[in-house]
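A short write-up of the structure that comes next.
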Amino acid sequence: MSENKAVKREDLIGATGSITRQIEVIDAKEYHMGGVKSVDVRVREEDTGEEYWTSLEDVDLDQ
């Protein structure tokens with residue numbers, strides 16, 4: 001097998017887990033839809049500087 005050729009790992013498809021990263025919340029928005037409150041946060045990863053939106057439910061904030 002060539003070292004430069006990517007091989008699809010079918011055994012990993014559908015696996016679940018978690019990723020822990022240090023982030024900083026840089027923006028936040030609250031929505032009300034049909035009586036349900038939802039909060040989205042824009043975060044910046046401390047290691048890479050990457051920024052993206054995610055649900056507050058997916059973030060464990062330091063207290």
Those residues of the stretch 23-56 which are surrounded by 10 or more Cβ atoms within 10 Å (Cβ to Cβ), out of contact with any Lys or Arg (no Cβ under 9 Å at 6 or more places or on another chain) and either β-branched (Val, Ile, Thr) or not in a strand (DSSP E or B) (or both) amount to Leu56
Collect the residues in the stretch 1-37 that are touching a strand residue (DSSP E or B) at 6+ places or on another chain (Cβ under 8 Å) and of a type in the set (A, V, I, L, M), keeping them in residue-number order. Ile23, Val25, Ile26, Ala28
When the stretch 1-43 is examined, which residues are found to be among the basic types (Lys, Arg), under 19 Å from Trp53 (Cβ atoms) and over 15 Å from the mean Cα position of the chain (by Cα)? Lys29, Lys37
For Asp62, all conditions in the list (1) loosely packed, with under 11 Cβ neighbours inside 10 Å; (2) not in a loop (DSSP other than H, G, I, E, B) hold save one; what is the number of the exception? (2)
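Values in this text are rule-based calculations from the coordinates and carry no lab data. These figures come from a predicted structure and were not determined experimentally. Glycine also receives a Cβ, built like all others from the backbone with ideal geometry; neighbour counts cover every protein chain displayed.
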